[in-house]
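The structure appears right after this line, and notes come after that.
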Amino acid sequence: MAKALFICEKDVLNSSVVTQVRERFEPLIMQFDYRKISDCISRKQMELVVIYMRDITPPSEAVLKELLENEKKVPFMLIGNETDCTVLTNTSEAKIIKCVHTPFSLSSFFEEYKATCDMIDAENSTENNTKKIKYVENKKHILVVDDDAVYLRTMMNWLKKDYEVSVVKSGMDAVAYLREETPDLILLDYEMPMWTGIKTLKEIRADKRGANVPVIFLTGVSSTQVVKEAISLNPQGYVLKNISQKGLLEKIKAII
């Protein structure tokens, strides 16, 4: 499981949430102290920072702001009310990959926490695989954008024999990736949190490096409304996520 740093106020340290998180996942738990947190992230190579924002005080708010401004590489998971999470997600350039809104049940929180750690583990695995196949000659390059770690692994396994494959977990990451690389095709999840497939495609088309890259929407919903919305953005195609490997490869081959 991903190495996680759990940050909370001093008076939350003995709460049932923190106690059970410690028992189930063994994260490193720390109070709001920017110097110590930053040192811990760097020295221990933390892969996830979880911030519990219940009854957060002004001094801790300042530390939180400093963290989000300066720690751009480590992903964050925020736990707090919906308004605060939305504001921070929309105004910060930090890698906020998951928000859990309060109030919540412990069981649902643990599911979200474990899923986030699993996603990071999957990304680490696929990144290693991508590095191994990235420089294979004469292969077209496909970027897969999806927030589902299991689906990303599936796409990597399906495509890596015939294509150079890179994966990212969000629309924001896809746009950032396009600043460095120009793939031959993008497989884009239509339904993602924060940045939907629609918003992501608009941002991709607004960037000169992504303006002419073919895009295929991936969707788990076959409703007429979803199909109409997807087509209205003029992608090169759309496929249902339950498509077979053979069907997907044929669809890709027809485009690139």
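The values are calculated or read from the model by the stated rules, or taken from the named source; none is laboratory data. Owing to the predicted nature of the structure, the values given are computational and were not obtained by experimental measurement. So basically every Cβ, Gly included, is an ideal-geometry build from the backbone, and we count neighbours across all protein chains shown. We work out accessible area using only protein heavy atoms, side chains counted, and drop any ligands, DNA or RNA first. Shrake-Rupley method; radii C 1.70, N 1.55, O 1.52, S 1.80 Å.
At 1.4 Å probe size, with the rest of the protein present, what percent of the exposed accessible area of the chain is carbon and sulfur atoms?
The nonpolar share, carbon plus sulfur, comes to 47 percent.
Relative to the longest principal Cα axis of the chain, at what angle does helix 16-25 sit, 0 to 90 degrees, rounded to 10?
Roughly 50 degrees, rounded to the nearest 10.
Tally Lys and Arg at +1 and Asp and Glu at -1 over the other residues with C-beta under 11 Å from the C-beta of residue 25: what net charge comes out?
+2
Counting Lys and Arg as +1 and Asp and Glu as -1, what is the net charge of the other residues whose Cβ lies under 11 Å from the Cβ of residue 148?
Local net charge: -2.
Per residue, how large is the accessible surface of region 9-99? Use a 1.4 angstrom probe and give square angstrom.
Dividing the accessible area of region 9-99 by its residue count gives 56 Å².
Taking square-rooted eigenvalues a ≥ b ≥ c of the alpha carbon gyration tensor, is the chain rounded, prolate or oblate, where a/c under 1.5 means rounded and, failing that, a/b exceeding b/c means prolate?
Taking the square roots of the gyration eigenvalues as a ≥ b ≥ c, the chain is prolate.
Over the heavy atoms of residue 11, what accessible area does a 1.4 Å probe trace out, to the nearest 10 Å²?
That residue has around 110 Å² of solvent-accessible surface.
Round to the nearest 10 and give me the degree value, 0 to 90, for the angle of helix 245-255's Cα axis relative to the longest principal axis of the chain.
70 degrees
Provide the solvent-accessible area of residue 232, counting protein heavy atoms only and rolling a 1.4 Å probe, rounded to the nearest 10 Å².
80 Å²
Ordering 200, 182 by accessible area with a probe of 1.4 Å, largest first, what comes out?
Output order, biggest surface exposure first: 182, 200.
Order the following by accessible area, largest value first: 93, 181. Probe radius 1.4 Å; ligands, DNA and RNA are ignored.
93, 181
Quick check on region 147-250: take the gyration tensor over C-alpha atoms, sort the square-rooted eigenvalues as a ≥ b ≥ c, and tell me if it's rounded (a/c under 1.5), prolate or oblate.
rounded
Under the Cβ-under-4.7 Å rule, which cysteines of the chain stay unpaired?
8, 40, 117
Summing +1 for each Lys or Arg and -1 for each Asp or Glu, what net charge is found among the other residues whose Cβ lies under 12 Å from the Cβ of residue 92?
Around residue 92, the surrounding residues sum to -2.
For 83, 19, give me the order by solvent-accessible area with a 1.4 Å probe, most accessible first, ignoring ligands, DNA and RNA.
83, 19
Please report the accessible area of residue 106 (heavy atoms, 1.4 Å probe, ligands and nucleic acids excluded) in Å², nearest 10.
Per-residue accessible area (residue 106): approximately 50 Å².
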